[in-house]
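Notes follow once the structure below has been shown.
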Amino acid sequence: MRHPRICTIPGVVRLVRTSGAAAALAGVLVLAAMAQGPPAVPVVVATAAERVLAPVTYFAGTVISRDDARIAAEVAGRLTWVAEVGTAVKRGQLVTRLEATLIRDTLAEREATVLREQARVTFYTQEVKRLAPLVKRKIVTPSNLDQAISNRDVAKGEVAVARARVKLAKERLARTQIYAPFSGVVTERLKRVGEWAEPGEAVVHLVDSHALEVQTRVPAETLAFIKAGTVLKLTASPKNGEGHVRTIVPVGDDRSRLYELRLSLEDSAWPAGQTLRVAVPTATPRKVIAVPRDALVLRRDGVSVYRILDDDTAERVGVIPGIAEGAFIEVRNGIHAGDRVVIRGGERLRPGMKVKVLPTATKP
């Protein structure tokens with residue numbers, strides 16, 4: 001029986017020996033990597049803290065102007081000029097003008113009436129002066145003097161009436177030009193040039209775009225937790241803000257049974273007409289253990305938070321969420337003040353995994 005020949009070429013022998021050593025080294029590295037475990041998961045953490053929170057309910061609100069008026073004509077007439085929509089005007093600046101020809105003619109007529117009545121007063125005054133000595137000399141009867149005095153007094157009354165009519169005509173003439181009662185922007189022209197305007201009929205809509213506040217309506221049960229000066233959070237994507245309760249209207253609406261709140265804005269970044277949400281407290285504030293909302297991990301088996309232990313390993317803690325306010329939410333069990341909780345990167349974590357804590361501004 002013939003045996004297979006064994007190759008004894010030196011190069012081949014060395015190659016076989018080298019390949020065996022590499023395989024052995026690779027095996028050692030694999031075993032070392034397995035001993036070290038998977039790489040640390042990068043996460044961003046925050047610290048659980050004791051905070052004073054109150055449960056809130058969001059109600060719809062609207063940014064409105066405190067000075068919002070429909071400017072009306074004060075005398076009848078045809079419009080000759082109306083400010084354009086979007087025109088910014090100062091207080092006392094002209095916003096519309098009416099035809100004034102007929103009123104000017106009426107004024108001229110009444111001024112002439114004043115002159116006529118003043119002439120009558122002058123005549124009767126002289127008549128009284130002329131008759132007075134004649135009565136003393138018994139040339140004329142006292143009744144003639146009494147009649148002259150009466151005519152003079154009547155003429156003085158007619159002068160007063162005529163002057164009042166002149167003043168009224170001047171006032172009507174002045175009111176053919178309508179001025180802005182406050183600084184603002186013309187948002188609407190309700191009448192056009194050439195149209196006839198009656199007294200009290202709105203011509204332009206004027207809104208002060210700087211004197212702004214928030215209007216909202218809330219149920220009666222929330223009034224126990226708010227008062228004048230209470231700071232409420234405002235939300236209108238993408239911006240959030242705050243407003244101070246300026247006043248609470250103490251009379252509820254007959255239909256909705258809601259009470260009106262007016263909030264002063266910290267700034268005027270929101271325009272008039274902006275809709276937003278107002279966070280209104282519905283209970284007394286209390287101290288709770290709170291974490292950022294991003295720390296909550298929502299899964300089918302419940303809500304949990306990943307806490308980072310001293311050895312930089314992750315521990316999953318089941319929690320019961322409580323009241324929320326802004327970016328924070330109460331956790332009612334398992335988490336204590338000072339605990340480090342994961343707010344970024346928790347979706348890749350499993351209990352017991354090593355983590356690498358990144359700076360807060362870093363996204364893992």
For the stretch 203-234, what are the residues that are loosely packed, with under 15 Cβ neighbours inside 10 Å and under 30 Å from GLN177 (Cβ atoms)?
HIS210
When you check SER237 against the structure, is it in the same structural domain as LEU261 (by TED's automatic domain parsing), without any contact (Cβ under 8 Å) to a residue 40 or more places away in the chain, of a type in the set (Ser, Thr, Tyr) and exposed (fewer than 15 other Cβ atoms within 10 Å of the Cβ), yes or no?
yes
Suppose we keep only residues that are of a type in the set (D, E, K, R) and more than 11 Å from ARG340 (Cα to Cα) within the stretch 296-308. Which one would you say is surrounded by the fewest Cβ atoms within 10 Å (Cβ to Cβ)?
ARG300
Only one of (1) surrounded by fewer than 16 Cβ atoms within 10 Å (Cβ to Cβ); (2) at pLDDT 90 or above; (3) among the basic types (Lys, Arg); (4) over 30 Å from GLY61 (Cβ atoms) is not met by ARG293, so which one is it?
(4)
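Surrounded by fewer than 17 Cβ atoms within 10 Å (Cβ to Cβ), farther than 30 Å from ARG344 by Cβ and in contact with a Leu (Cβ under 9 Å, 6 or more places away or on another chain): does that describe ALA83?
no
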May I ask you to verify whether ALA314 is under 36 Å from the mean Cα position of the chain (by Cα) and either of a type outside the set (Ser, Thr, Tyr) or not assigned by TED's automatic domain parsing to the domain that holds ALA224 (or both)?
no
Mind checking which pairs have a first residue in the stretch 292-319 that is under 22 Å from LYS354 (Cβ atoms) and a second that is of a type in the set (Asp, Glu) and outside any strand (DSSP E or B), Cβ under 9 Å, 6 or more apart or different chains?
VAL297/GLU347; VAL305/ASP339; ARG307/ASP339; ILE308/ASP339; VAL317/ASP339; GLY318/ASP301
Inside the stretch 292-364, counting only strands (runs of 3 or more DSSP E) that do not spill past its ends, which hold 1 or more residues that are within 27 Å of ARG277 (Cβ to Cβ)?
297-299, 302-308, 321-325, 328-331, 340-344
In the stretch 65-108, which residues are touching a residue at least 24 places away in the same chain (Cβ under 8 Å), in a helix (DSSP H, G or I) and among the hydroxyl-bearing types (Ser, Thr, Tyr)?
THR106
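For the stretch 133-151: of the residues being among the polar types (S, T, N, Q) and surrounded by 13 or more Cβ atoms within 10 Å (Cβ to Cβ), which is farthest from VAL121 (Cα to Cα)?
So the residue we want is ASN144.
The values are calculated or read from the model by the stated rules, or taken from the named source; none is laboratory data. These numbers were taken from a predicted model, which means no experiment stands behind them. As a convention, Cβ positions derive from the backbone with ideal geometry for all residues, glycine included, and neighbour counts pool all protein chains shown.
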